[in-house]
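The values are calculated or read from the model by the stated rules, or taken from the named source; none is laboratory data. Keep in mind that this is a model prediction, so the values were computed, not measured. No Cβ is skipped: glycine too gets one built from the backbone with ideal geometry, and neighbour counts run over all protein chains shown. Accessible surface areas use protein heavy atoms only, side chains included; no ligands, DNA or RNA. Shrake-Rupley method; radii C 1.70, N 1.55, O 1.52, S 1.80 Å.
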Amino acid sequence: MNADRLPVSPIMAGIKCRCPRCGKGRLFVNGLGMRETCESCGLDYKFVDTGDGPAVFAIFILGFLCVGGVLIAEFKFGVPWWVHVLLLGVVTPFMAYFLLRFLKATLIALQFKNKAEEGRLSKE
Ligand SMILES: [Zn+2]
């Protein structure tokens, strides 16, 4: 390992949405689309296979926060209907977008760090 390529924390790579190897190159293009390679170190992103993992985590986390927030807003504070529309219609999609970016980048960094891949019978 080169001295200029220190290990990158998966959480920091996830927060910054950066390359899991160098921590400098951007991971996404146009929101949630993956780049082919790292623009900084040239890491090929073909190994990336997060599947539905980020979406499942985002659904559970965001669903819990949104349903809990709506119930608290309605029954504890008695907010008018337009506050619910604002929370569910505007704030929730933004939270989903940024949560998905963070979770996808974090899972990619964890996959890279742990060398996780499909099981194989041989090393070919
Ligand atoms: Zn890189």
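Which value, in Å² rounded to 10, gives the accessible area of residue 79 with a 1.4 Å probe and all protein chains present?
Counting only protein heavy atoms, the figure is 40 Å².
Taking loop as defined by DSSP and a crowding limit of 12 other beta carbons within 10 Å, which trypsin sites (Lys or Arg not before Pro) in region 52-124 fit?
Loop-located and lightly packed - 115, 120, 123.
Under a Cβ-only charge scheme (Lys and Arg +1, Asp and Glu -1), can you give me the dipole magnitude of the chain about the Cα centre, in debye to the nearest 20?
Using Cβ point charges on Lys, Arg, Asp and Glu, the chain gives about 380 debye.
Non-local amide H neighbours of residue 34 (under 5 Å, H modeled in plane, Pro and chain starts lacking H): which ones?
Placed amide hydrogens put 29 under 5 Å from residue 34.
Counting only pairs 8 or more places apart or on different chains, how many lysine pairs in the chain have C-alpha atoms closer than 30 Å?
Value for the chain: 18.
Within 10 Å of each candidate Cβ there may be at most 15 other Cβ atoms; applying that plus a DSSP loop requirement, which GluC sites (Glu not before Pro) in region 1-106 survive?
36, 39
So what is the calculated 222 nm ellipticity per residue for the chain, using -39500 (n - 2.57) for each DSSP H run with n of 4 or more, over all residues, to the nearest 500 deg cm²/dmol?
That comes out to -14500 deg cm²/dmol.
Quick one: P(r) of the chain from all Cα-Cα pairs, 5 Å bins, percents rounded to integers, in order of increasing distance.
2, 10, 17, 18, 13, 11, 9, 7, 5, 4, 2, 1, 0
Amide H of residue 25 versus every other amide H placed in the peptide plane: which residues, excluding those fewer than 5 positions away on the same chain, fall under 5 Å?
19, 40, 41
Please give the net charge around residue 31, taking every other residue with its beta carbon less than 13 angstrom from that of residue 31, where Lys and Arg add +1 and Asp and Glu add -1.
Local charge sum for residue 31: +4.
Return one number: the angle in degrees, 0 to 90 and rounded to the nearest 10, between the long axis of the Cα atoms of helix 53-72 and the longest principal axis of the Cα atoms of the chain.
It works out to around 20 degrees.
So what J values fall out for region 96-113 if you push phi through Karplus, 6.51 cos²θ - 1.76 cosθ + 1.60 with θ = phi - 60°, rounded to Hz, Gly and Pro as x?
5, 4, 6, 5, 5, 4, 4, 5, 5, 5, 5, 5, 5, 5, 5, 4, 5, 5
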